[in-house]
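This report concerns only the one structure given below.
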Amino acid sequence: MKKIFLYIAGIVLLASCDKKEVVKLNFDVKTDKQEYKLGDSVKFILSGNPDQVVFYSGENGHKYDYKSRTEAESNEITLEFATNRRYGSDVDQPQSFRVFASQKFNGIYSEENVKEASEWTEITSAFTLSAIMGNDNYTPSGAKNLLDLSSLGLNIDKTKPIYFAFKYKGTTGTTQPRWWVNKFDVKMKTSDGEVLTVTTIGDAGWKNVKFGNSPVLWTFNSDNTVKFQGGGAAVGSNEVWAVTKAIKLTSVTPDAGKPLKNMTTKLDGYSYYFSKPGTYKVTFDAFNVNIYGESRTVKSIEVKINP
């Protein structure tokens with residue numbers, strides 16, 4: 001019996017000696033002074049033994065408090081785009097480029113389901129479009145608050161997704177204009193004045209919807225341009241819509257931090273330049289983590305940048 005007891009005790013002792021735990025974190029941060037001038041290098045002095053450190057500058061898009069935020073409230077949600085037009089004329093090809101929005105479209109990208117009269121609101125008149133110009137010249141549309149376009153019939157429900165569309169219409173017999181778009185930004189301004197991007201031209205998920213036998217389609221390019229080439233007088237008539245994916249107007253990208261170190265690197269300090277004057281809540285998220293657990297410390301420090 002005594003031998004059995006000693007054997008079991010030995011096993012327990014070996015198990016306890018083999019037990020692995022995450023190393024308890026000891027971490028702190030300070031700056032070399034309280035205030036800085038714009039253009040100065042802000043020097044953060046780090047101490048402790050973290051395996052990982054992530055830096056949040058406190059600037060827009062990089063705030064620790066918003067690292068998990070996916071939605072935000074706003075009463076100012078703007079649309080802005082930029083267009084370039086060449087060829088054709090308004091006399092021969094009137095209203096060749098139009099802009100629409102809808103919260104009624106069912107998301108089926110077909111001629112039968114893009115019901116202009118009953119489901120789409122034209123908002124072209126709220127924006128400035130390009131005159132005929134050279135390849136490299138784009139005309140800004142101006143940023144318009146979508147919530148202010150009720151006079152055009154657009155009554156936004158912020159709880160519902162919205163679709164946007166560019167409608168191209170050209171008639172055979174005369175030169176059909178070419179329309180290019182190199183910017184399409186939907187942004188929101190939060191109650192604390194922060195401007196956040198809801199979607200951009202490259203993230204809008206454009207799809208073609210062709211009406212009838214239209215021979216030309218919109219192209220969605222890797223250089224973040226949306227283009228309709230039009231064509232000469234002999235080209236057949238075109239009616240083609242470029243329609244976005246469903247866009248949730250209150251959806252935002254979580255704020256991002258910058259990883260500064262991992263287990264294989266050593267870091268005793270970090271320098272950073274702020275681009276604008278202001279008072280920033282800078283945060284360092286430091287942690288040790290492995291399969292046995294996690295030890296984490298979040299340290300925030302206020303930094304004032306004078307003009």
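Restricting the range 53-95 to residues that are more than 18 Å from the chain's Cα centre (by Cα), assigned by TED's automatic domain parsing to the domain that holds residue 128 and of a type in the set (Ser, Thr, Tyr) leaves a set whose member that is surrounded by the most Cβ atoms within 10 Å (Cβ to Cβ) is 83. Taking the criterion of being outside any loop (DSSP other than H, G, I, E, B) and of a type outside the set (Val, Ile, Thr), the residues of the range 83-115 that qualify are 84, 85, 86, 97, 98, 100, 101, 102.
Has the range 53-71 got at least one residue that is small (Gly, Ala, Ser), farther than 24 Å from residue 293 by Cα, modelled with pLDDT under 95 and outside any loop (DSSP other than H, G, I, E, B)? Looking for residues that are small (Gly, Ala, Ser), farther than 24 Å from residue 293 by Cα, modelled with pLDDT under 95 and outside any loop (DSSP other than H, G, I, E, B), one finds none in the range 53-71, hence no.
Residues in the range 207-217: is at least one outside any loop (DSSP other than H, G, I, E, B) and more than 27 Å from the chain's Cα centre (by Cα)?
Step one: filter the range 207-217 for residues outside any loop (DSSP other than H, G, I, E, B), giving 207-210.
After this cut, where a residue has to be more than 27 Å from the chain's Cα centre (by Cα) as well, the list is 210.
Yes, the range 207-217 contains a residue that is outside any loop (DSSP other than H, G, I, E, B) and more than 27 Å from the chain's Cα centre (by Cα).
Of all positions in the range 241-262, none carries a residue that is among the acidic types (Asp, Glu) and either out of contact with any helix residue (DSSP H, G or I) (no Cβ under 8 Å at 6 or more places or on another chain) or at pLDDT 95 or above (or both).
Here the range 157-174 is the region considered, the condition is being of a type outside the set (S, T, N, Q) and out of contact with any strand residue (DSSP E or B) (no Cβ under 7 Å at 6 or more places or on another chain), and the residue that is surrounded by the fewest Cβ atoms within 10 Å (Cβ to Cβ) is 157. Applying the set (1) buried (at least 18 other Cβ atoms within 10 Å of the Cβ); (2) part of a strand (DSSP E or B); (3) modelled with pLDDT of 95 or more to residue 201 leaves exactly one unmet item: (2).
The values are calculated or read from the model by the stated rules, or taken from the named source; none is laboratory data. Since we're looking at a predicted model, the values are computed, not measured. Positions of Cβ are backbone-derived with ideal geometry, glycine not excepted, and every protein chain shown enters the neighbour counts.
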